[in-house]
Amino acid sequence: MDALSPQRSPNLSGQPGKCGADHVAPDCSGMNFYKIDRGLRDLLRLYLEPNDFRRLEPHFDRLGQLAGDRLDELARIADKHPPLLHPRDRLGRDEDWIDYHSSYREMEKVAFADFQFHAMSHRAGVLGMDRPLPAVAKYALQYLFVQAEFGLMCPISVTDTSIHLVRKFANPELKDYLLPKMLSGDVATMWKGTQFMTERAGGSDVGAIETTARLVDGEWRLYGDKWFCSHADADIALLLARPEGAAGGTKGLALFALPRRLKDGSRNAYRIVRLKDKLGTRSMASGEILLEGALAYLVGDAGAGLKQMMEQVNLSRLSHGVRASAMMRRCLNEAMVCARTRMAFGKTIIEHPLLRRQLLKIAVPTEQSLSMFLFAARTMDRANAGDKDAEALLRILTPLLKFRACRDNIPVATGAMEVRGGNGYIEEWVQARLVRDAHIGVLWEGTSNINALDIITRAVGKSGAHRRLAAALSGLLDQAATIPPPFRDRLRNTLERAVGFAEQVAAEPRLEAQARPAASGLYHITSAVLMGWEASRPGADARRALYARLALEHRLSPKDPLAANDGGRENAAAELVFSERTVSIADVVELLA
Ligand SMILES: Cc1cc2nc3c(=O)[nH]c(=O)nc-3n(C[C@H](O)[C@H](O)[C@H](O)COP(=O)(O)OP(=O)(O)OC[C@H]3O[C@@H](n4cnc5c(N)ncnc54)[C@H](O)[C@@H]3O)c2cc1C
C-alpha cells in the first residue's frame, strides 16, 4: 500500500460498517505529511546540501508525523476555541490579557520550544545544527507545520522576522536588551514579536499612517490607533510611526520597537481595544491597539523606517507563499484520499474523467508553488552568503510567490472542498477551514494588486530584476540537457515573451491594469522552467516535466473554449518523451492515484 492509499481515518475507524460510516471517504488524519509528499522529499535532496539533508531529514520526518497527527488534532480544536480578550484584570486594572485554549498553547510549545522556528535562522543549536538552518530547511519545516496549523504560523513568522530587523538595524544596546529574550527557546519567558503597520487611514497606502512619535526627556512616546494587529499580545512589536515634525508620506516614517512590558515589569501605555472576529486564522488573535503615550525604542535610522520595515515585509511575503503552498498540498492530499475512496455510479470518483481534470487543477498550482518556494529559499541562502546576483533575483521571486501562490490557494481550496462533496462544506472536515484560511493570503502583507504593482513597477521597472530572472532560468534550461529540444524551445520562447510582456507593462503607464497578468506570466513560466529542470536532474521524478507542460499549456497558452481538446488534462493520450522514458498524463493521474 502506498502512502496515499485509502485507510480509515481515526475518527471514522471506530466501527466500520456501522451507520454507513464505510461510505464516507476518509481523510488524511494520522498520515505522515513528509512521507506522503514525494515532491518535497525529492526536491529537498536537490535544493539542500547533502550533509544538511542527511542531518535534517529525521526532523522533517518527525514534523511530518506530528503535522498529520497531534498538531492536526490540536489545530482543529484551536480553530473552534478562538482566543478571548480580557480588557482588565480581576482588580479592575487595565492589564489586558488574551486567553488561549490549551490546544493553542500546546502547539506553541512544538513551534517555539521543540522546533524553535523563530530562532532557527538566527543562531546555532536549533535541531542539533552547529549553525543557523538554511532557508530551504526553515521554509520546508514551515510548509510541513502549516499543513496542520495555519493561524499560529503568523506569530512564529513575525517573531522570526522581528528578530531579523532587530539584529540588522537596532543599536548594540537595544540588541543586547532584546535578542537574548527573543532568541530564547523557553516559552515561559521568551519574548515573541510582531509587526503593526495598518491603520484605518491606510493599509496599502502606508504613507497615510497617522501614529505619531514624540520625544519626551530622551524617550520616544507613541500615540495612535493600529487597526490590524495580528499576534496582538506579542511581547515586542515592530511598528511604524511618524516622529513629530517629520515629513509626510512614507519618507517621514520611523521604525520603533514597542515592548509590552517595561523594564520594571509594568504594562506599557497601550491597550488592546478588541479582537477581530475573523473569517479564518481563528486560532490566532488579531486585534486593534490604542497607543496612549507608549514607550518605544527607535530602531535604526529615523528616516529609513519604511525601507527597514520592508525587509520584514519581504521575509513575511516569502513565508506567506510557503504557507499557501502548504495549504494547497493539504488540499491535494485530502482530495486524493477522498477521490480514491468515494464511490459514485459504481466506481471510485477518480475514475471519472471530469473529476481527474479537477484533481489536476488542484495538483498543478500545488507543484508550481513547491518549486517556486524552494527555488526562492535557495536563492535566499545564496543571497545570505553574499551573492549580489541572488539578492536581485530574490527581489522578484518573493512577490511573485506571494502574489500567485496566495491567489491559487483560493480556487485550490474550493476545488478540494468540492471533491469531498457536501462533507467538504461541513466544519468537522478540514476542507472548510482550508477554504476560510486560504482567503487571508490575498490581504495581508499586501493585496494582490499591491504585490503585482511591486513586481511590475518596482522589481521589473526600477530594478530590472526580470532580466536576472530570465538569465537564471535560461541557465537552468541549458543545464537540463535531457529535456526534449522542442519542449525546451517552447519554454525558452515563452520565457522571452513573458519577460517582454512584463517589461512592456512596466514601461507604459497606460498598461498598469495589465500588471496582474504580466506578473502571473512571470510566475507560471518560472515555475514551468523550474519543474522541467528538476525533472532533468539525476534521480528526480520525471513526472515533474509533465507538470511543467501542464503549467505551460493550461496557464500560459491561448485556448479556444469551443474547440474539442484531445490533449486535455483528463486525457491519457498526451505524451512527452522525457529522459528516455515516456511519461504521459496517465502517469500523472497514476502518481496522484
Ligand atoms: C486578519 C488580518 C490580520 C492582519 N494583520 C495585520 C498585522 O498584523 N499588521 C499589519 O500591519 N496589518 C495587518 N493586516 C492588514 C492588512 O495588511 C491590510 O488589510 C492590507 O494591507 C490591505 O489594506 P487595507 O485593509 O487598508 O485595504 P486598502 O489599502 O484600502 O485596499 C482596498 C482595495 O484597494 C486596492 N488598492 C489599494 N491601492 C491600490 C492601487 N494603487 N492600485 C490598485 N488597487 C489598489 C487593494 O488591492 C484592495 O483591493 C491584517 C489584515 C487582516 C484581514
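The values are calculated or read from the model by the stated rules, or taken from the named source; none is laboratory data. Quantities reported herein were computed from a predicted structural model and do not represent experimental measurements. Ideal geometry is used to build each Cβ from the backbone, glycine not excepted, and the neighbour counts take in all protein chains shown. Areas reflect the complete protein model, heavy atoms only, side chains present, ligands, DNA and RNA absent. Shrake-Rupley method; radii C 1.70, N 1.55, O 1.52, S 1.80 Å.
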Counting only residues in the stretch 500-541 that are within 18 Å of LYS402 (Cα to Cα) and hydrophobic (A, V, I, L, M, F, W, C), the one farthest from the chain's Cα centre (by Cα) is identified as ALA502
Quick count over the stretch 101-134, residues being crowded, with 17+ Cβ neighbours inside 10 Å and on the phi > 0 side of the Ramachandran plot, is 2
Screening ALA285, ALA302 for residues that are closer than 26 Å to GLU149 by Cα and either touching a residue at least 60 places away in the same chain (Cβ under 8 Å) or more than 16 Å from the ligand (Cβ to nearest atom) (or both) leaves only ALA285
Considering the stretch 266-280, residues that are in a loop (DSSP other than H, G, I, E, B) and within 13 Å of the ligand (Cβ to nearest atom), and then whichever is least open to solvent (accessible area, probe 1.4 Å), we arrive at GLY280
Original post:
Is the stretch 227-244 home to any residue that is loosely packed, with under 14 Cβ neighbours inside 10 Å, assigned to a strand (DSSP E or B) and on the phi < 0 side of the Ramachandran plot?
Top reply: no
Scanning the stretch 245-256 for residues that are among the aliphatic types (A, V, I, L, M), within 15 Å of the ligand (Cβ to nearest atom) and either modelled with pLDDT under 95 or in a strand (DSSP E or B) (or both) gives LEU255
If you check ASP94 against the conditions, is it assigned to a loop (DSSP other than H, G, I, E, B), open to solvent by 60 Å² or more (accessible area, probe 1.4 Å), modelled with pLDDT of 95 or more and of a type in the set (Asp, Glu)?
no
Selection status of LYS263, within 14 Å of the ligand (Cβ to nearest atom) and among the basic types (Lys, Arg): no
- Query: Does ASP72 satisfy the criteria of being buried (at least 18 other Cβ atoms within 10 Å of the Cβ), modelled with pLDDT of 95 or more and part of a helix (DSSP H, G or I)?
  - Reply: yes
Per the filter on the stretch 357-378, residues surrounded by fewer than 24 Cβ atoms within 10 Å (Cβ to Cβ) and either more than 20 Å from ALA438 (Cβ to Cβ) or charged (D, E, K, R) (or both) are ARG357, LYS361, ARG378
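Per-residue answers, yes or no, for (1) of a type outside the set (S, T, N, Q); (2) surrounded by 16 or more Cβ atoms within 10 Å (Cβ to Cβ); (3) within 16 Å of the ligand (Cβ to nearest atom):
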{"residue": "VAL136", "(1), (2), (3)": "yes, yes, no"}
{"residue": "ALA140", "(1), (2), (3)": "yes, yes, no"}
{"residue": "PHE196", "(1), (2), (3)": "yes, yes, yes"}
{"residue": "ARG200", "(1), (2), (3)": "yes, no, yes"}
{"residue": "VAL216", "(1), (2), (3)": "yes, no, no"}
